Amino acid sequence: MDYDVIIGFEIHAELKTATKLFCDCEVTYGAPQNTHICPLCTGQPGSLPVLNKKAVEFCVRAGLAMNCSINKYSLFARKNYFYPDLPKGYQISQYELPLCENGYIIINGDDGEAYPVGIKRIHLEEDAGKLVHSSQSISSSEYSLADYNRSGIPLIEIVTDHTTNPMRSVKEARNYLEKIRQILRYIEVSDCTIEKGQFRCDVNISLKKKGSPSYGNRAEIKNMTSFKFISEALEYEIKRQSKLLKEGKKIEQETRLYNEEKKITLPMRSKEDAPDYRYFPDPDLIELELEKEFINEIRKTNPVLPDELLNLITEKYKVSQEDAYLLTRNKAVANFFTECAPHSDDNKKLARWIINNLLKHLEENSLTIESVKIKPKDFASLINLIVKGEVTDRVGKTVLEEMIASGKSPEVIIDAKGLKPIEDTKELNKFVDDAFSAHPEVVEQIQSGETKAINVLIGQVMRSSKGKANANKLRELILERIEKE
Ligand SMILES: [Zn+2]
């Protein structure tokens, strides 16, 4: 391709405070319409906003986690526009002086190198209400109704700095989104559940001639919620814009909407600029001044971040980068690993078993690691039994399922279910006898040097012993027998 791609985001994440940003209405999801509203969040004259301190703390927490400088003074501004979901006629946001500025997060680049993506600002603002249409879409609806339960829920807006290492491809854009979401979940300021509308973004993309210092006009795609649709919309825009540029045409600076069915973006309106919103400081809210101790306290209590946990797991516990990455995608899973590791004889195997068996089981049964009864020490014991060959992989999986359901230790389950491995030579030899007489051709293969064929015999014994034969001992017995034959 002859063009460089530049991608940026404005991400909106709903904060999980107990109450709204400027009133004490409860923050809820799925409650009956208009049951969590008051004069303030429905824009009644005479009501005055009172700032939620927790929301300020969460915004600062996000800023610190994303390496921003925290402004001692910040300002709330009115962003004026009309829409039925915004009864005041303006949204309280931050404009000139946001809470956090000039940060960065580290993401993986397409070249395999990690690099910092600039964050221009993170500011605090309130959410609007929601329109409920009588039919599928606004255009096909006879009428729409307004639900103000969401009106006034605190949001943070995270804006990328397109001049400092912006994303250069669709894949990097995706890495960025996932990293932001992961950080917000780690520091527990937002659940970022896409289905609940807690993580939404506007994405902007422009192309410029390879190596050129000047930026092209940007197209902004509004109100994206699904990672999949964001990727598709960006793929489409890259094709659309490079075609226009090749034909010598101009890219319009405009806002576009993604059509999920047709997989194309369509112009919505020419991009509005800041002057259109007539921003001005909100006269009902005084300048916000943060005390040093307030910021320091948040800094001290900011929880461990994904990258720190990833480094710990690779360096201290010697787990591969790939597995550590999979473990740290979810903080509770990563914590489970670090709680198991001190009891484990083989951390690599421990990591693999969490990824391949535990997580798979949880996913298939729509469970979370927090909701199951399994104890880290017991999980490590199970892995140790497998490492010692006292439990086969197959039996291990059965035991694991029982552990997840009952919270019992592997030893108790193995005893109760009669899953103790068969160690007795005499008993094992009975199975070996049967395997040898059932597969004389395999025995010949092994004798003629095809040592791998031994797995056929081991497999046969495992099947007939229901996976209970001690694998290490079984191998020895079979090898001994081959030599004698
Ligand atoms: Zn309210």
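Results for (1) crowded, with 20+ Cβ neighbours inside 10 Å; (2) more than 14 Å from the ligand (Cβ to nearest atom); (3) small (Gly, Ala, Ser); (4) modelled with pLDDT of 95 or more, shown as yes or no for each residue.
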position	(1), (2), (3), (4)
CYS23	yes, no, no, yes
PRO39	no, no, no, yes
LEU51	no, no, no, yes
GLU57	no, yes, no, yes
ARG61	yes, yes, no, yes
CYS68	yes, yes, no, yes
PHE76	yes, yes, no, yes
The residue that is surrounded by the most Cβ atoms within 10 Å (Cβ to Cβ), considering only those in segment 142-172 that are touching a helix residue (DSSP H, G or I) at 6+ places or on another chain (Cβ under 9 Å) and part of a helix (DSSP H, G or I), is VAL170
Quiz item: So is ALA31 within 16 Å of the ligand (Cβ to nearest atom), buried (at least 21 other Cβ atoms within 10 Å of the Cβ) and among the hydrophobic types (A, V, I, L, M, F, W, C) or not?
Solution: no
Listed by range, helices (runs of 4 or more DSSP H) wholly within segment 245-362 having at least 2 residues that are farther than 21 Å from ALA62 by Cα are 306-315, 321-328, 331-340, 347-353
* Is it the case that some residue within segment 86-95 is part of a strand (DSSP E or B), aliphatic (A, V, I, L, M) and assigned by TED's automatic domain parsing to the domain that holds PRO283? -> yes
Among (1) under 30 Å from LEU75 (Cβ atoms); (2) β-branched (Val, Ile, Thr); (3) more than 15 Å from the ligand (Cβ to nearest atom), ILE138 falls short only on (1)
### Query
Looking at GLU14, is it away from the ligand (no atom under 13 Å from the Cβ) and within 15 Å of ASN149 (Cβ to Cβ)?
yes
Output for Cβ contacts, cut-off 9 Å, separation at least six or different chains, first residue of a type in the set (A, V, I, L, M) in segment 411-429, second loosely packed, with under 15 Cβ neighbours inside 10 Å and not in a loop (DSSP other than H, G, I, E, B), reads VAL412/SER406; ILE413/SER406
Condition first: closer than 16 Å to ASN223 by Cβ, outside any loop (DSSP other than H, G, I, E, B), in contact (Cβ under 8 Å) with a residue 40 or more places away in the chain and out of contact with any Cys (no Cβ under 8 Å at 6 or more places or on another chain). Can you find one or more residues in segment 173-181 that meet it?
no
Checking ASN347, ASN356 in turn, the sole residue that is on the phi < 0 side of the Ramachandran plot, touching a Phe, Trp or Tyr at 6+ places or on another chain (Cβ under 7 Å) and polar (S, T, N, Q) turns out to be ASN347
Residue in segment 399-409 that is in a loop (DSSP other than H, G, I, E, B) and more than 38 Å from the chain's Cα centre (by Cα) present = no
When GLU444 is run through (1) more than 29 Å from GLU480 (Cα to Cα); (2) acidic (Asp, Glu); (3) not assigned by TED's automatic domain parsing to the domain that holds THR338, the failure sits at (1)
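The values are calculated or read from the model by the stated rules, or taken from the named source; none is laboratory data. Remember, predicted model here, so these are calculated numbers, not experimental data. Neighbour counts run over all protein chains shown; Cβ positions are idealised from the backbone, glycine included.
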